[in-house]
Amino acid sequence: MEILELYLKHYGKFTDHRLALKPGINIIYGKNETGKSTIHSFIRSMLFGLTRGRGRPARLDEYSLRQPWENPAYFAGSMRIREGGEIYRIDRNFDREHQSLTVVSETQGREIEDGEALISRLMNGMSESAFQNTVSIRQAGGETEDALTEELRGFMVNYDNALDMQTDVPRALQSLRKKKKQLEQKKKAEEALLEERIGRRQAEADYLRKDLEALRSREETMRKKAGNLQNKGQETGERRSGRYRVMMEILLVIASILSFTGAWLLSVFQARLFLGIFGVIFLIAEIPVHRLLGEEEGEEDDSEDAGEEQQWRLQNIREEIADREEKYQKLQHELEILYQNHVKTEGLDIEIEAVNLAMERIAGLSSAILQESGGSLNDHASLVLSQITGGKYTKVTLDDRSDVRIQTKDRLLRLYEMSYGAIQQVYFALRIAAGDLFSGDHGMPLILDEPFAMYDDDRLESVMTWLYHSRRQVILFTCQDRERRILEKIKEKENAGYE
């Protein structure tokens, strides 16, 4: 693929800005804040689109950053590309309310029915993540990101199994991570709700339990009091009606009999009269004694009434206790169900573990395939690295854990054992190799935004020489004049060699 022209209709600080590009190396020079990164962003947005995020972070996302300064509602651009001898024009409207994509074949003079599918085909199915980790190097972005390893895994799995990009390992892993996050959030929400309901029911149960304890204590006290009243009534009745009343009546009868007997037997009139009067008195005395003992029996009846009232109160207490016990048992049953539901949330742990297992198996399988099929990547990266370092570093390997090893003529190095400039060269070689792997025969242009800021002049000349001989399209954004001067120097050497 070759980019012929960029037309920034309304994009960031640019309005109706056209930029023509040619094959080979295109150096776009400008001081800081002149819009180099904006043009870089525009190329990616024309290929993959640009959507706005949600919430507060959206204020700082790429969409907000690149909205037109003058008229944010008119957010659009166009790009012309050449692929396989045919020229296409890509038109995009980025406005959130009116997003659109139109792809026109200028060679055939017709609109492509499925523009997104055509762009994907022209890029050999390269994803935006792979694009940003390989052929597009942003400012201060020379290092490969962690996503590159997953992109490589996915590509190698598809390539090795001839699946024509139908199996998207990075997307599958992303989907599983999303599923895992949803399950974790669901579990957290359910646990919070259950814990709140359990806490509320447990508080009600504790209150009922304390109320039951108080009622049972009152019941015991009232039961003892009722028993005492009943016993007291029985004892009083037996003592007064059985002992006093009978004894008094018997005594009075005996006294009366004796008095009448003496009056009958004695001959003295005065004595007979005296005893007769006493006999009558004794008989009459039985009446008040009987009445007095009857009042005492009434008192006994009053005692029995108090006992009955106490029994009634005791029955009410027992009914309250039964009602509280029923409610308490019902709460205990609800708590048991809630605890069972709480245990059921542990089933989500099984689902989460299943997702983790699926991720591990996919990563393990793709890692194994990467190890088997990644030789071409390492060989290509080693060739690039050897060329841009003048043979100083002869071999580089990237394993499935993103660990990088570099072979010199004398020893095997790790990245932390190298200078920062050398590390940048290693990452550059890996990006180029991975980009060629993804793009295949389509050959994506390299889009470089200040990638060589940490290079010394010798390293810069080596990499510029490599880029010049690669015969690929390069769009190089820089705020320095070094690249232009070195490129002119390389061209002079080449021309001198042909003379």
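Taken as a whole, the condition of being touching an Asp or Glu at 6+ places or on another chain (Cβ under 8 Å), at pLDDT below 80 and within 30 Å of Leu357 (Cα to Cα) applies to Leu173. Just one of (1) farther than 28 Å from Gly35 by Cβ; (2) surrounded by 14 or more Cβ atoms within 10 Å (Cβ to Cβ); (3) within 38 Å of the chain's Cα centre (by Cα) fails for Tyr416. It is (2). Checked against (1) touching a Leu at 6+ places or on another chain (Cβ under 7 Å); (2) outside any helix (DSSP H, G or I), Leu437 passes all but condition (2). Among the residues of region 69-107, those that are of a type outside the set (A, V, I, L, M), in a strand (DSSP E or B) and within 19 Å of Thr51 (Cβ to Cβ) comprise Gly77, Ser78, Asp91, Arg92, Asn93, Ser100, Thr102. Among the residues making up region 110-133, none is β-branched (Val, Ile, Thr) and modelled with pLDDT under 90. Contact annotation: residue pairs with Cβ atoms under 6 Å, 6 or more positions apart or on different chains, pairing a residue in region 87-101 that is among the aromatic types (Phe, Trp, Tyr) with a partner that is open to solvent by less than 20 Å² (accessible area, probe 1.4 Å) and outside any strand (DSSP E or B), are Phe94/Leu50; Phe94/Phe75. Taking the criterion of being among the basic types (Lys, Arg) and in a loop (DSSP other than H, G, I, E, B), the residues of region 3-38 that qualify are Lys13, Lys22, Lys31. Within region 174-222, the set of residues being under 16 Å from Ile337 (Cα atoms), open to solvent by less than 90 Å² (accessible area, probe 1.4 Å) and touching a residue at least 24 places away in the same chain (Cβ under 8 Å) comprises Glu190, Glu191, Leu194, Ile198, Arg201, Gln202, Glu204, Ala205. Taking the condition at pLDDT 90 or above and out of contact with any helix residue (DSSP H, G or I) (no Cβ under 7 Å at 6 or more places or on another chain), does Ile28 pass? So Ile28 fails the test.
A quick yes/no check of all residues on (1) of a type in the set (S, T, N, Q); (2) over 16 Å from Lys13 (Cα atoms); (3) open to solvent by less than 40 Å² (accessible area, probe 1.4 Å):
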residue: Asn71; (1), (2), (3): yes, no, no
residue: Met79; (1), (2), (3): no, yes, yes
residue: Gly109; (1), (2), (3): no, yes, no
residue: Gly115; (1), (2), (3): no, yes, yes
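If I filter region 39-47 for residues that are surrounded by fewer than 16 Cβ atoms within 10 Å (Cβ to Cβ) and either at pLDDT 85 or above or not in a loop (DSSP other than H, G, I, E, B) (or both), do I get at least one hit? Within region 39-47 (the criterion being surrounded by fewer than 16 Cβ atoms within 10 Å (Cβ to Cβ) and either at pLDDT 85 or above or not in a loop (DSSP other than H, G, I, E, B) (or both)), the answer is no, since none of the residues qualifies. Cβ-Cβ contacts under 9 Å between residues 6 or more apart (or on different chains), taken from a first residue in region 448-470 that is on the phi > 0 side of the Ramachandran plot to a second residue that is not small (Gly, Ala, Ser) and not in a helix (DSSP H, G or I), are listed as Glu450/Ile137; Glu450/Arg138; Glu450/Gln139; Glu450/Leu476; Glu450/Phe477; Glu450/Thr478; Glu450/Cys479; Glu450/Gln480. With respect to the conditions (1) open to solvent by 30 Å² or more (accessible area, probe 1.4 Å); (2) assigned to a loop (DSSP other than H, G, I, E, B); (3) closer than 20 Å to Glu83 by Cβ; (4) hydrophobic (A, V, I, L, M, F, W, C), Met444 lacks only one, and its number is (1).
The values are calculated or read from the model by the stated rules, or taken from the named source; none is laboratory data. Values in this document were obtained by computation on a predicted structure and should not be read as measured data. With ideal geometry, Cβ positions are generated from the backbone for all residues, glycine too; neighbour counts draw on all protein chains shown. The protein model used for the area step is the full one, side chains on, heavy atoms only, and it has no ligands, DNA or RNA in it. Shrake-Rupley method; radii C 1.70, N 1.55, O 1.52, S 1.80 Å.
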